[in-house]
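Every read-out reported here was derived from the displayed coordinates using simple, explicitly stated rules and does not represent laboratory data. In this text, all values refer to a predicted model and were calculated from it rather than measured experimentally. FYI the Cβ positions are ideal-geometry reconstructions off the backbone, even for glycines, and counts take in every protein chain you see.
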Amino acid sequence: MSGFLRRIAITLQFIKVLFGKKHTHEKVTIRGNDEFIGSTIEALELLKEKAPEAHELVLKYIGEIVSVKPSGVFTDMLKLGPTFVFIGSSYSEGPAVEYAGALAHEAYHCELYMKAKRGNLESRVPRNAYAGERPERLCLQYQCDVLRKLGVDEDRIKEYESQLHTKWWEVPFERQDW
């Protein structure tokens with residue numbers, strides 16, 4: 001599928017989910033089917049119980065969690081308030097602890113964006129403040145710290161840490177499938 005058609009497909013999927021089932025848990029609106037809503041609540045509750053600072057970060061920056069591929073966060077919308085996070089089935093259908101870690105990772109992108117914004121009130125936040133190799137390294141480090149608090153085995157965490165060499169952030173949006 002061409003990049004243009006893939007973007008249209010993602011947009012249509014997003015529109016369908018926006019008008020579909022939703023549930024509000026604490027301050028976060030969750031949009032998707034019953035399974036997605038359930039797994040999202042489970043991940044949020046895990047963060048609340050075992051990694052409360054990560055849970056607070058999610059609540060501070062994420063207003064909506066939407067069942068759409070590819071996974072990612074809309075940091076540019078933070079100037080309007082809490083933003084959208086898209087979560088693909090590779091996270092929502094996997095272990096709750098790994099989904100919780102992914103939410104913490106996306107929330108940390110927001111934290112990086114807002115830190116850069118606080119120091120740069122008059123102009124746009126440079127993309128390399130919250131996206132690219134250095135920010136991904138920081139977000140992955142934060143995610144792994146949260147996974148440790150959630151009790152994930154150190155061997156699994158090392159698998160996450162070794163993912164930086166894949167440079168997933170360089171994959172064009174229309175080719176991302178996670």
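Distance between Cα centroids, segment 138-167 to segment 22-39: provide it in whole Å.
That distance is 25 Å.
With a ≥ b ≥ c the root eigenvalues of the C-alpha gyration tensor of segment 1-137, is it rounded (a/c under 1.5), prolate (a/b larger than b/c) or oblate?
Because a/c hits 1.5 or more and a/b fails to exceed b/c, segment 1-137 counts as oblate.
Can you tell me, using C-alpha contacts under 8 Å and at least 6 residues apart, the relative contact order of segment 3-175 as a whole percent?
Across segment 3-175, relative contact order equals 20 percent.
Excluding same-chain residues fewer than 8 positions from LYS16, which aspartates and glutamates have a Cα within less than 18 Å of its Cα?
Within the straight-line limit of under 18 Å, LYS16 reaches these aspartates and glutamates: ASP34, GLU35, GLU64.
Counting Lys and Arg as +1 and Asp and Glu as -1, each charge on the Cβ, what is the dipole of segment 3-175 about the Cα centre in debye, to the nearest 20?
For this selection, approximately 780 debye.
Just tell me, in residue order, which DSSP H segments of the chain are both 18 angstrom or longer along the helix axis (alpha-carbon based) and at least 0.5 in mean Kyte-Doolittle hydropathy.
Going by DSSP H runs, the hits are 3-18.
For the charge dipole of segment 3-175, defined by +1 on Lys and Arg C-beta atoms and -1 on Asp and Glu C-beta atoms about the Cα centroid, which residue among GLY151, ALA129, HIS109 has the Cα displaced farthest towards the positive pole?
ALA129
Can you give the FRET efficiency to the nearest 0.05 for HIS23 and GLU53, using r as the Cβ-Cβ distance and R₀ = 41 Å?
The pair HIS23/GLU53 has a calculated efficiency of 0.95.
Between GLU98, GLU111, GLU53, where does the largest GNM mean-square fluctuation fall for the chain, given springs only between Cα atoms within less than 10 Å?
Judging by the Gaussian network model, the answer is GLU53.
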